[in-house]
Amino acid sequence: MEIDHDKKDQLQKIMAHIMPGETLYAVYDMKGGGTGFVGITDLRLIFMDQSFVRKAKAMVSLPYTKITAVGSEDSPGIIFSTSKLHIIAGSKEWEFEFRTTEKAHKAYQFIMRNLLQTERKGM
């Protein structure tokens, strides 16, 4: 299976964090500061967060079992358009802003597919 990705170096960084038996679906580049990219697997989100611990860069794993809400937002523009993915887990909320409109929707579909499968399994 080919992994949907924007930048090869980001894909390689995420691949280093994939566990045996875990499937990586996509690695998407982010717009703006804070989070540089996000990896989407069948078990979790993996992302580089520059504000996670004392303003240092940290690779963060967010298992689907901890996610309580997911939202996708599109902001079309005349020249540039972006899209945002909102994730809530416990009292923490993350906003991922993508460079193109289809990325948030694709990420939303990957995440929801896996969230619903987790729910069915009773995890």
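The table that follows gives values for the structure above.
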quantity	calculated
For Asp6, distant residues with modelled amide H under 5 Å away	Val27, Asp29
Qualifying trypsin sites (Lys or Arg not before Pro) in the stretch 1-40, DSSP loop, other Cβ atoms within 10 Å at most 14	Lys7
Residues whose placed amide H lies under 5 Å from that of Arg44, excluding near-sequence neighbours	Tyr64
Per-residue Cβ neighbour rank within 10 angstrom, fewest leading, Ile40, Ile46	Ile46, Ile40
Per-residue Cβ neighbour rank within 10 angstrom, fewest leading, Ser72, Ser91	Ser91, Ser72
Calculated from backbone phi, Karplus (6.51, -1.76, 1.60) coupling profile of the stretch 14-29 in Hz, x at Gly/Pro	5, 4, 5, 9, 7, 8, x, x, 8, 10, 8, 9, 7, 9, 10, 6
Cβ-based net charge around Met15, under 15 Å, with every Lys or Arg adding one and every Asp or Glu removing one	-2
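Every number in this text was worked out from the coordinates using simple rules, so none of it is lab data. What you see is a predicted model; the values in this text were computed from it and never measured. No Cβ is skipped: glycine too gets one built from the backbone with ideal geometry, and neighbour counts run over all protein chains shown.
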